Amino acid sequence: MPDPEILFCLHFLGGSARTWEPVSRALGGTPACLPVDLPGFGDAAAGTGFSVDAMADHVAAAIRARAPKRFAIAGHSMGAKVALALARRSEDGEPGLDGLTDLILVSGSPPSPEPIPEDRRSKMIAWIDADPETRLREAQAFVSENVGSPLDPETGARAVADVLQAAPAAWKAWLESGSREDLCRRIGVLRTPALILAGSEDADLGADAQRALMAPHLAHHRVVTVDGVGHLLPLERPGEMADRLRDHWRDRPNAEATRVAPVPSAYAALIASERVNSRLRGALETRGERDDPAYAPQALDPVELAILRAACGRVLPEIAVDLAARLDARLASGAGDGWRFVALPPDPEAYRAGLRTLDAASRAAHGRPFVALEARDQDALLTLAERADLAVPDSLGGRLDGDRMRFWFEDLRADAVRLWLAHPAALARVGFSGIGAGGDRPGPIADGLPGFHEVGLDRAESWEIRPAQGEMV
């Protein structure tokens with residue numbers, strides 16, 4: 001993919017277009033940076049329209065005015081949520097927004113409500129209307145609390161001045177409304193290649209939050225943690241950030257990197273032979289297709305799908321099939337095995353509740369989302385679920401009690417194994433030859449079918465596929 005001509009840059013809450021000046025200098029004009037003041041900030045402090053959609057409209061007008069053939073969008077914190085909204089519009093074909101090549105998301109506010117502690121939110125809302133002395137003191141504190149180490153005096157003074165220039169109405173609108181907007185399902189899963197940057201010292205929107213809340217919306221992404229940096233990377237390490245951008249453009253994450261479960265050639269030949277009827281052949285070929293990395297969940301939201309992928313990865317590791325996406329599609333279709341535990345709600349609701357409870361248990365036990373845990377810690381939580389010992393209070397996000405988590409996890413394991421064993425790679429792995437019992441024959445179903453002739457103990461037909469060596473069947 002060609003590199004962008006222009007990088008449109010969107011700032012954080014309290015920042016302005018000039019937040020990006022150090023990064024622009026570090027990039028040296030390749031690509032050209034075009035920072036945009038969002039309504040209520042910087043030179044647009046008198047502007048109006050503070051919702052995510054209104055800010056996206058404002059930026060879309062700037063993009064259309066330049067009409068670049070290829071462009072990227074860099075969004076920092078609040079600006080990242082606006083960038084995601086613009087990317088969705090671009091991928092949906094909105095006029096004037098075609099040509100988007102990349103998303104650069106820096107300590108980004110995710111599509112779902114931003115995890116801001118309520119006491120801090122209230123404090124920030126309160127002081128923006130205070131007297132000048134209080135505003136100055138709080139603005140200085142706001143900047144210093146959001147960096148990993150002190151900024152140089154000039155950069156720090158400019159950052160504080162930007163905060164003080166922000167229109168109080170815009171500041172409060174983001175904290176009271178914009179940051180709380182839930183665009184999770186609307187943004188869905190984007191195909192645009194993305195670089196996600198996080199500071200190791202960022203308390204709320206660091207790497208864990210980016211993996212749990214941002215990455216599930218990006219089919220092709222890379223998460224990079226910058227050590228020693230807080231929330232204001234463009235101001236703290238502009239040179240390093242420019243290097244990360246160049247790395248991204250040299251080596252974008254892409255669809256070709258996705259894995260597929262290979263079907264051995266001998267088993268593929270059996271599927272293609274006349275021993276397999278055409279209807280079954282079609283079903284097996286469909287099951288064997290490469291999964292779409294940008295699969296848009298229908299029963300779950302993207303964040304829940306990511307948790308399900310992580311859980312399925314512990315039930316059946318390393319199988320290169322997106323069981324979670326296939327399970328979501330099954331949940332959305334309403335197709336199932338015809339029964340459920342009476343203690344559980346209908347399957348889609350049970351899955352949403354079970355996944356959110358699992359994530360809440362992870363945050364309660366480890367202070368981290370489930371998707372960010374090491375495999376051994378994920379296994380430990382799932383083992384507790386298996387034993388009916390995984391319980392999280394409602395106040396911490398628990399939606400199913402221990403008994404119902406046990407039932408739900410039993411369902412998950414059964415569903416995952418059923419989906420895997422329906423895949424031709426799994427059938428080949430266990431040496432299942434039953435698909436070769438019949439082909440397409442006119443007349444009664446049993447008339448002229450090739451069937452099996454060697455039916456004795458441990459006797460196999462010459463055409464049968466053997467299980468993979470060393471595998472337990």
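What the table shows:
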| item | result |
| --- | --- |
| For region 398-437 versus region 300-373, the gap between their alpha-carbon centres in whole angstrom | 13 Å |
| Per-residue SASA entry for SER273, accessible area with 1.4 Å probe, Å² rounded to 10 | 30 Å² |
| The chain: relative contact order as a whole-number percent, Cα under 8 Å and 6+ apart | 13 percent |
| Accessible-area order (highest first, 1.4 angstrom probe) of the listed residues GLU240, GLU201 | GLU201, GLU240 |
| Prolate/oblate/rounded call for region 346-473, Cα gyration tensor, a/c under 1.5 rounded | prolate |
| Separation in nanometres of the label points that stand 7 Å from Cα toward Cβ, at ALA283 and ALA269 | 2.5 nm |
| Per DSSP, loop GluC sites (Glu not before Pro) in region 310-418 with at most 13 further Cβ within 10 Å | GLU318, GLU374 |
| Rounded to whole Å, sorted largest first: equivalent-ellipsoid semi-axes of region 1-117, Cα gyration tensor | 20, 17, 14 |
| Where the chain is the region considered: accessible area per residue in Å², 1.4 Å probe | 45 Å² |
| Loop chymotrypsin sites (Phe, Trp or Tyr not before Pro), region 312-421, which have at most 14 other Cβ atoms in a 10 Å radius of their Cβ (DSSP) | TRP339, PHE341 |
| Heavy atoms of HIS366: accessible area, 1.4 Å probe, square angstrom to 10 | 80 Å² |
| Farthest toward positive dipole pole in the chain [+1 Lys/Arg, -1 Asp/Glu at C-beta], among LEU233, LEU34, SER149 | LEU34 |
| Accessible-area value, VAL260, 1.4 Å probe, nucleic acids and ligands omitted, Å² | 60 Å² |
| Global form of region 171-316, assessed from the alpha-carbon gyration tensor, a/c cut-off 1.5 | prolate |
| Accessible-area ranking of THR192, THR286, largest first, probe 1.4 Å | THR286, THR192 |
| 3J(HN,Hα) from dihedral phi, region 216-225, Karplus parametrisation 6.51/-1.76/1.60, rounded to Hz, x for glycine, proline | x, 8, 10, 5, 10, 8, 9, 9, 10, 9 |
| Distance from region 272-290 to region 40-76 (C-alpha centre basis), Å | 50 Å |
| Local electrostatic count, TRP339, Cβ distance below 15 Å [Lys/Arg +1, Asp/Glu -1] | -2 |
| Relative contact order [Cα under 8 Å, 6+ residues apart], region 316-473, whole percent | 20 percent |
| Pairwise centroid distance, computed over Cα atoms, of region 77-128 with region 132-166, Å | 22 Å |
| Relative contact order for region 57-202, counting Cα pairs under 8 Å that sit 6 or more residues apart, in percent | 32 percent |
| Descending semi-axes in whole angstrom, ellipsoid equivalent of the chain, from the Cα gyration tensor | 50, 26, 19 |
| Using a Förster distance of 41 Å, the FRET efficiency for ALA380-ILE125 (Cβ separation, nearest 0.05) | 0.55 |
| Farthest toward positive dipole pole in region 262-301 [+1 Lys/Arg, -1 Asp/Glu at C-beta], among ASN277, ALA299, SER265 | ASN277 |
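The values are calculated or read from the model by the stated rules, or taken from the named source; none is laboratory data. Given the structure is predicted, the values throughout are model-derived calculations rather than measurements. So basically every Cβ, Gly included, is an ideal-geometry build from the backbone, and we count neighbours across all protein chains shown. To get the accessible areas, we keep the full protein, side chains included, count just its heavy atoms, and leave off ligands, DNA and RNA. Shrake-Rupley method; radii C 1.70, N 1.55, O 1.52, S 1.80 Å.
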